[in-house]
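Have a look at the structure below, then the notes.
The values are calculated or read from the model by the stated rules, or taken from the named source; none is laboratory data. All values reported here derive from a predicted model rather than from experimental measurement. Please note: Cβ atoms are built from the backbone with ideal geometry, for glycine as well, and neighbour counts cover all protein chains shown. Only protein heavy atoms, including side chains, enter the accessible area calculation; ligands, DNA and RNA are left aside. Shrake-Rupley method; radii C 1.70, N 1.55, O 1.52, S 1.80 Å.
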Amino acid sequence: MAGGWSLVSAAALVRRKSWDFAAISFGPTALLSRRIERTPRRLPVCRWKTNLSFLSRPDLPNLAYKKLKGKTPGVIFIPGYLSNMNGTKAMAIEEFCKSLGHAYIRFDYSGCGSSEGKFEDCTVGKWRKDVLSIIDDIAEGPQILVGSSMGAWLMLHAAIARPQKVAALVGIATAADSMVTQFNQLSVEYSFIKEASFHCLLHGPIPVTCPVRLLHGMKDEFIPWQTSMQIADHIISSDIDVILRKNGDHRMKEKEDIKLLVYTIDDLIDKLTTSN
(Lines give C-alpha, C1' and ligand atoms only; values in the text may rest on other atoms or scores of the structure.)
Protein backbone atom coordinates (compact mmCIF):
# COMPACT_ATOMS: atom_id res chain seq x y z
CA MET A 1 0.00 0.00 0.00
CA ALA A 2 1.27 3.41 -0.88
CA GLY A 3 2.29 5.66 1.98
CA GLY A 4 3.24 9.25 2.57
CA TRP A 5 6.84 8.55 3.50
CA SER A 6 9.28 9.28 0.69
CA LEU A 7 11.37 6.14 0.31
CA VAL A 8 15.07 6.50 0.83
CA SER A 9 17.59 3.73 0.77
CA ALA A 10 17.20 1.44 3.75
CA ALA A 11 20.96 1.60 3.95
CA ALA A 12 20.63 5.22 4.95
CA LEU A 13 18.31 4.20 7.76
CA VAL A 14 20.84 1.76 9.19
CA ARG A 15 23.26 4.19 10.72
CA ARG A 16 25.42 4.16 13.81
CA LYS A 17 22.86 4.73 16.51
CA SER A 18 21.54 2.93 19.58
CA TRP A 19 17.84 2.13 19.54
CA ASP A 20 15.30 0.55 21.86
CA PHE A 21 12.29 -1.69 21.56
CA ALA A 22 10.37 -4.09 23.76
CA ALA A 23 11.26 -7.70 23.00
CA ILE A 24 9.67 -10.73 24.61
CA SER A 25 11.37 -14.10 24.14
CA PHE A 26 9.48 -17.36 24.34
CA GLY A 27 11.33 -20.45 25.45
CA PRO A 28 12.77 -22.27 28.42
CA THR A 29 13.82 -19.02 30.05
CA ALA A 30 10.16 -17.84 30.04
CA LEU A 31 9.27 -14.21 29.45
CA LEU A 32 11.86 -11.49 29.67
CA SER A 33 12.21 -7.90 28.57
CA ARG A 34 15.45 -6.68 27.13
CA ARG A 35 17.04 -3.55 25.76
CA ILE A 36 18.94 -4.08 22.57
CA GLU A 37 21.80 -1.76 21.68
CA ARG A 38 23.56 -2.42 18.47
CA THR A 39 25.94 -0.69 16.11
CA PRO A 40 25.15 -2.36 12.80
CA ARG A 41 27.44 -2.56 9.83
CA ARG A 42 27.61 0.70 7.91
CA LEU A 43 26.09 0.20 4.50
CA PRO A 44 26.69 2.09 1.27
CA VAL A 45 23.78 3.89 -0.35
CA CYS A 46 23.11 2.24 -3.69
CA ARG A 47 20.30 1.59 -6.16
CA TRP A 48 19.83 -0.96 -8.93
CA LYS A 49 17.01 -1.62 -11.32
CA THR A 50 15.23 -4.94 -10.85
CA ASN A 51 13.44 -6.25 -13.94
CA LEU A 52 9.92 -7.65 -13.82
CA SER A 53 9.73 -11.38 -14.53
CA PHE A 54 6.91 -13.92 -14.69
CA LEU A 55 6.73 -17.44 -13.30
CA SER A 56 4.76 -19.65 -15.69
CA ARG A 57 2.71 -22.36 -13.98
CA PRO A 58 0.61 -25.04 -15.71
CA ASP A 59 -3.10 -24.56 -14.90
CA LEU A 60 -2.32 -21.65 -12.54
CA PRO A 61 -2.00 -17.89 -13.18
CA ASN A 62 1.48 -16.62 -14.01
CA LEU A 63 3.08 -14.78 -11.11
CA ALA A 64 4.87 -11.45 -11.50
CA TYR A 65 8.05 -11.15 -9.45
CA LYS A 66 11.31 -9.26 -9.16
CA LYS A 67 14.44 -11.08 -8.15
CA LEU A 68 17.75 -9.72 -6.96
CA LYS A 69 20.60 -12.23 -7.11
CA GLY A 70 23.04 -12.42 -4.24
CA LYS A 71 24.27 -14.29 -1.21
CA THR A 72 22.27 -16.63 0.97
CA PRO A 73 20.25 -16.62 3.06
CA GLY A 74 17.98 -14.85 0.62
CA VAL A 75 14.97 -12.80 1.67
CA ILE A 76 11.42 -13.10 0.31
CA PHE A 77 8.78 -10.46 1.00
CA ILE A 78 5.18 -11.70 1.22
CA PRO A 79 2.70 -8.82 0.95
CA GLY A 80 -0.51 -8.27 2.84
CA TYR A 81 -4.12 -8.42 1.68
CA LEU A 82 -4.86 -5.91 -1.12
CA SER A 83 -1.17 -5.02 -1.27
CA ASN A 84 1.55 -5.78 -3.81
CA MET A 85 5.30 -6.02 -4.34
CA ASN A 86 5.78 -2.26 -4.73
CA GLY A 87 4.86 -1.18 -1.20
CA THR A 88 7.07 0.82 1.14
CA LYS A 89 8.30 -2.17 3.15
CA ALA A 90 8.98 -4.31 0.06
CA MET A 91 11.06 -1.58 -1.57
CA ALA A 92 12.95 -0.72 1.61
CA ILE A 93 13.94 -4.36 2.15
CA GLU A 94 15.15 -4.55 -1.46
CA GLU A 95 17.43 -1.55 -0.94
CA PHE A 96 18.71 -3.14 2.26
CA CYS A 97 19.43 -6.51 0.58
CA LYS A 98 21.20 -4.77 -2.32
CA SER A 99 23.45 -3.01 0.15
CA LEU A 100 24.36 -6.31 1.80
CA GLY A 101 24.67 -8.24 -1.45
CA HIS A 102 21.99 -10.73 -0.41
CA ALA A 103 19.40 -12.29 -2.68
CA TYR A 104 15.88 -10.88 -2.53
CA ILE A 105 12.51 -11.68 -4.11
CA ARG A 106 9.28 -9.70 -4.07
CA PHE A 107 6.16 -10.80 -5.94
CA ASP A 108 2.44 -10.27 -6.51
CA TYR A 109 -0.19 -12.85 -5.61
CA SER A 110 -2.34 -14.20 -8.43
CA GLY A 111 -5.15 -11.75 -9.16
CA CYS A 112 -3.12 -8.88 -7.66
CA GLY A 113 -0.70 -6.27 -8.98
CA SER A 114 1.03 -7.37 -12.18
CA SER A 115 0.25 -11.09 -11.81
CA GLU A 116 -2.35 -12.86 -13.92
CA GLY A 117 -5.69 -14.08 -12.64
CA LYS A 118 -8.90 -12.53 -11.30
CA PHE A 119 -8.98 -11.22 -7.76
CA GLU A 120 -12.54 -12.45 -7.23
CA ASP A 121 -11.37 -16.03 -7.90
CA CYS A 122 -8.64 -15.90 -5.29
CA THR A 123 -8.58 -17.63 -1.91
CA VAL A 124 -6.14 -17.95 0.96
CA GLY A 125 -5.38 -21.48 -0.26
CA LYS A 126 -4.53 -20.24 -3.77
CA TRP A 127 -2.29 -17.51 -2.38
CA ARG A 128 -0.60 -20.13 -0.20
CA LYS A 129 0.21 -22.01 -3.42
CA ASP A 130 1.63 -18.78 -4.87
CA VAL A 131 4.06 -18.43 -1.96
CA LEU A 132 5.16 -22.06 -2.28
CA SER A 133 5.63 -21.63 -6.04
CA ILE A 134 8.00 -18.72 -5.44
CA ILE A 135 9.95 -20.71 -2.85
CA ASP A 136 10.08 -23.88 -4.98
CA ASP A 137 10.70 -22.43 -8.43
CA ILE A 138 12.39 -19.03 -7.97
CA ALA A 139 14.27 -19.00 -4.66
CA GLU A 140 17.70 -20.61 -4.32
CA GLY A 141 19.03 -21.85 -1.01
CA PRO A 142 17.75 -21.03 2.48
CA GLN A 143 15.36 -18.10 2.80
CA ILE A 144 14.23 -15.60 5.40
CA LEU A 145 10.53 -14.98 4.83
CA VAL A 146 9.19 -11.53 5.71
CA GLY A 147 5.40 -11.45 5.77
CA SER A 148 3.09 -8.50 6.32
CA SER A 149 -0.36 -9.02 7.89
CA MET A 150 -2.04 -11.78 5.83
CA GLY A 151 1.34 -12.39 4.23
CA ALA A 152 2.72 -13.32 7.65
CA TRP A 153 -0.09 -15.86 8.02
CA LEU A 154 0.96 -17.39 4.69
CA MET A 155 4.60 -17.15 5.82
CA LEU A 156 3.81 -19.52 8.70
CA HIS A 157 2.16 -21.97 6.30
CA ALA A 158 5.21 -21.85 4.04
CA ALA A 159 7.54 -22.57 6.96
CA ILE A 160 5.43 -25.61 7.85
CA ALA A 161 5.34 -26.87 4.26
CA ARG A 162 8.99 -26.13 3.35
CA PRO A 163 11.07 -26.41 6.55
CA GLN A 164 14.18 -27.36 4.58
CA LYS A 165 14.15 -24.05 2.66
CA VAL A 166 12.78 -21.62 5.25
CA ALA A 167 15.58 -20.56 7.60
CA ALA A 168 13.83 -17.80 9.59
CA LEU A 169 10.64 -15.74 9.73
CA VAL A 170 9.83 -12.08 10.28
CA GLY A 171 6.13 -11.32 10.74
CA ILE A 172 4.77 -7.77 10.63
CA ALA A 173 1.33 -7.43 12.28
CA THR A 174 0.82 -11.15 11.72
CA ALA A 175 -2.84 -11.78 10.88
CA ALA A 176 -2.99 -15.53 11.48
CA ASP A 177 -6.66 -16.61 11.56
CA SER A 178 -7.77 -13.00 12.06
CA MET A 179 -9.83 -12.75 8.86
CA VAL A 180 -11.80 -15.79 9.91
CA THR A 181 -12.32 -14.87 13.55
CA GLN A 182 -13.36 -11.31 12.75
CA PHE A 183 -15.83 -12.27 10.02
CA ASN A 184 -17.26 -15.13 12.05
CA GLN A 185 -18.47 -12.55 14.53
CA LEU A 186 -20.80 -11.36 11.78
CA SER A 187 -23.73 -13.42 10.54
CA VAL A 188 -22.67 -13.38 6.89
CA GLU A 189 -22.10 -16.03 4.23
CA TYR A 190 -18.81 -15.34 2.52
CA SER A 191 -17.11 -18.07 0.48
CA PHE A 192 -13.66 -16.45 0.78
CA ILE A 193 -13.85 -16.62 4.57
CA LYS A 194 -15.23 -20.15 4.52
CA GLU A 195 -12.22 -21.29 2.50
CA ALA A 196 -9.84 -19.33 4.73
CA SER A 197 -11.13 -21.21 7.76
CA PHE A 198 -9.40 -24.35 6.46
CA HIS A 199 -6.05 -22.59 6.96
CA CYS A 200 -6.43 -21.52 10.59
CA LEU A 201 -3.41 -22.27 12.77
CA LEU A 202 -4.26 -21.23 16.31
CA HIS A 203 -6.24 -24.34 17.21
CA GLY A 204 -3.08 -26.16 18.30
CA PRO A 205 0.74 -26.14 18.20
CA ILE A 206 2.27 -24.52 15.11
CA PRO A 207 5.09 -26.83 13.91
CA VAL A 208 7.64 -24.14 13.04
CA THR A 209 11.13 -24.69 14.48
CA CYS A 210 13.22 -21.94 12.87
CA PRO A 211 13.94 -18.52 14.45
CA VAL A 212 10.85 -16.27 14.43
CA ARG A 213 10.55 -12.52 14.98
CA LEU A 214 7.07 -11.01 15.27
CA LEU A 215 6.86 -7.20 14.98
CA HIS A 216 3.63 -5.48 15.96
CA GLY A 217 2.43 -1.94 16.53
CA MET A 218 0.48 -1.44 19.73
CA LYS A 219 -1.80 1.04 17.92
CA ASP A 220 -2.72 -1.49 15.23
CA GLU A 221 -6.33 -0.73 14.36
CA PHE A 222 -6.98 -4.04 12.58
CA ILE A 223 -4.99 -6.82 14.27
CA PRO A 224 -4.52 -6.51 18.05
CA TRP A 225 -0.91 -6.80 19.15
CA GLN A 226 -2.00 -9.57 21.51
CA THR A 227 -2.45 -11.74 18.40
CA SER A 228 1.33 -11.88 17.98
CA MET A 229 1.66 -12.99 21.59
CA GLN A 230 -0.87 -15.75 20.96
CA ILE A 231 0.93 -16.88 17.80
CA ALA A 232 4.28 -16.96 19.61
CA ASP A 233 2.75 -19.10 22.33
CA HIS A 234 1.57 -21.65 19.72
CA ILE A 235 4.82 -21.86 17.70
CA ILE A 236 6.98 -24.72 18.95
CA SER A 237 10.32 -23.01 18.19
CA SER A 238 12.19 -21.85 21.28
CA ASP A 239 13.81 -18.98 19.36
CA ILE A 240 11.00 -16.43 19.21
CA ASP A 241 10.90 -12.70 19.91
CA VAL A 242 7.75 -10.58 19.96
CA ILE A 243 8.81 -6.98 19.33
CA LEU A 244 6.27 -4.25 20.07
CA ARG A 245 6.28 -0.63 18.94
CA LYS A 246 4.21 1.53 21.25
CA ASN A 247 3.23 4.04 18.54
CA GLY A 248 3.22 1.63 15.59
CA ASP A 249 0.04 1.10 13.56
CA HIS A 250 -0.96 -1.81 11.31
CA ARG A 251 1.09 -0.80 8.30
CA MET A 252 4.36 -0.33 10.20
CA LYS A 253 5.83 1.78 7.39
CA GLU A 254 7.14 4.87 9.15
CA LYS A 255 10.90 5.55 9.26
CA GLU A 256 11.41 4.04 12.70
CA ASP A 257 9.27 1.03 11.78
CA ILE A 258 11.36 0.39 8.67
CA LYS A 259 14.56 0.81 10.64
CA LEU A 260 13.36 -1.79 13.16
CA LEU A 261 12.43 -4.12 10.30
CA VAL A 262 15.79 -3.99 8.56
CA TYR A 263 17.66 -4.30 11.87
CA THR A 264 15.64 -7.44 12.59
CA ILE A 265 16.47 -8.95 9.20
CA ASP A 266 20.12 -7.99 9.66
CA ASP A 267 20.22 -9.73 13.04
CA LEU A 268 18.79 -12.91 11.53
CA ILE A 269 21.27 -12.87 8.64
CA ASP A 270 24.10 -12.58 11.16
CA LYS A 271 22.62 -15.38 13.25
CA LEU A 272 22.21 -17.72 10.28
CA THR A 273 25.61 -17.03 8.72
CA THR A 274 27.57 -17.34 11.96
CA SER A 275 25.84 -20.58 12.92
CA ASN A 276 26.86 -22.31 9.67
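I need the calculated FRET efficiency for the pair Asn51 and Lys71, taking r as the beta carbon distance and R₀ as 25 Å, to the nearest 0.05.
For Asn51 and Lys71, the calculated efficiency is 0.80.
Sorted from largest down, what three extents in whole angstroms do the Cα atoms of region 168-276 have along their principal axes?
So the extents along the principal axes, rounded to whole Å, are 50, 31, 20.
Can you list the lysines whose alpha carbon is less than 25 Å from that of Lys98, not counting same-chain residues fewer than 8 positions off?
The reachable lysines, counting only those whose Cα sits under 25 Å from Lys98, are Lys17, Lys49, Lys66, Lys67, Lys69, Lys71, Lys89, Lys165, Lys253, Lys255, Lys259, Lys271.
How large a share of the accessible area of region 160-276, in percent, is made up of carbon and sulfur atoms when the probe is 1.4 Å and the other protein chains stay in place?
Carbon plus sulfur share of accessible area: 53 percent.
Please state, as a whole number in µm²/s, the translational diffusion coefficient that the Stokes-Einstein equation yields for region 61-192 at 10 °C and 1.306 mPa s, with Rh defined as the Kirkwood radius across alpha carbon pairs.
Rounded to a whole number, D works out at 107 µm²/s.
Give me the accessible area per residue for region 167-276, probe 1.4 Å, as a whole number in Å².
46
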